[in-house]
Amino acid sequence: MTKQEQRLTELLTPTVEAAGFELLGVEFVSAGRHSTLRLYIDHPEGVNVDNCALVSREVGAILDVEDPIPNEYNLEVSSPGLDRPLFTPEHFAKVTGQKIEVKLAIPQDGRRRFKGALIAIEDDMLVIEVDGKPYRLLMDNVDKANVVPVF
């Protein structure tokens, strides 16, 4: 998570929680005039379009007042979906034993993408088995991670 995403998470978490939801994570994709601020929210009973619209209005008001992003951007509020994004050590712990996909910021062992079963979390490392071989990945080096849905 970038410093900007961390700042946005700290700013927006109280508003999302006050609306009755959990803020799973924030992604900011910078693309000039077409940048996107994406929030992932969750609730034990699930998330629907009306929930996303409610959180979008509440968060939009905070963003208008605080103005933490100087450029134009689109705000998206989404449920985590089947390919649930993983942001925190707690998120990873909940899916231990499941197949995940990880993209690293800095390559390790000549690659940036790993897809396999999350075997364990040891301190600040993810242990992922890819093609029968375990890889230890530093959590701070994870750029993006998602659960791989099983159909």
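The values are calculated or read from the model by the stated rules, or taken from the named source; none is laboratory data. Predicted, not measured: the structure shown is a model, and the values here were computed from it. Neighbour counts run over all protein chains shown; Cβ positions are idealised from the backbone, glycine included.
So Asp83 passes all but one of these: (1) out of contact with any helix residue (DSSP H, G or I) (no Cβ under 8 Å at 6 or more places or on another chain); (2) of a type in the set (Asp, Glu); (3) touching a residue at least 24 places away in the same chain (Cβ under 8 Å); (4) surrounded by 13 or more Cβ atoms within 10 Å (Cβ to Cβ). Which condition number does it fail?
Status for Asp83: all satisfied but (4).
Step by step: first the residues of the range 18-31, then only those that are surrounded by fewer than 19 Cβ atoms within 10 Å (Cβ to Cβ) and farther than 14 Å from Leu75 by Cα, then the one that is nearest to the chain's Cα centre (by Cα). Which residue is that?
Once the filter is applied, the top-ranked residue is Glu22.
Return a yes/no flag: does the range 123-141 have any residue that is in contact with a strand residue (DSSP E or B) (Cβ under 7 Å, 6 or more places away or on another chain), surrounded by 15 or more Cβ atoms within 10 Å (Cβ to Cβ), touching a residue at least 12 places away in the same chain (Cβ under 8 Å) and closer than 30 Å to Arg33 by Cα.
Yes.
Residues are listed down the side, and each one gets a yes or a no for (1) of a type in the set (Val, Ile, Thr); (2) within 27 Å of Ala120 (Cβ to Cβ):
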{"site": "Glu5", "(1), (2)": "no, yes"}
{"site": "Gly32", "(1), (2)": "no, no"}
{"site": "Leu37", "(1), (2)": "no, no"}
{"site": "Val49", "(1), (2)": "yes, no"}
{"site": "Pro85", "(1), (2)": "no, yes"}
{"site": "Ile100", "(1), (2)": "yes, yes"}
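Given the options Pro89, Pro68, name the one that is under 30 Å from Pro134 (Cα atoms), surrounded by fewer than 16 Cβ atoms within 10 Å (Cβ to Cβ) and either under 14 Å from the mean Cα position of the chain (by Cα) or not assigned by TED's automatic domain parsing to the domain that holds Val142 (or both).
Of Pro89, Pro68, the one residue that is under 30 Å from Pro134 (Cα atoms), surrounded by fewer than 16 Cβ atoms within 10 Å (Cβ to Cβ) and either under 14 Å from the mean Cα position of the chain (by Cα) or not assigned by TED's automatic domain parsing to the domain that holds Val142 (or both) is Pro89.
Picking from Lys3, Lys115, which residue would you name as being at pLDDT below 95 and of a type in the set (D, E, K, R)?
Lys3
Give the residue, chosen from Asp109, Asp124, Asp143, that is more than 20 Å from Leu82 (Cα to Cα), within 19 Å of the chain's Cα centre (by Cα) and of a type in the set (Asp, Glu).
After ruling out the rest, the residue left standing is Asp124.
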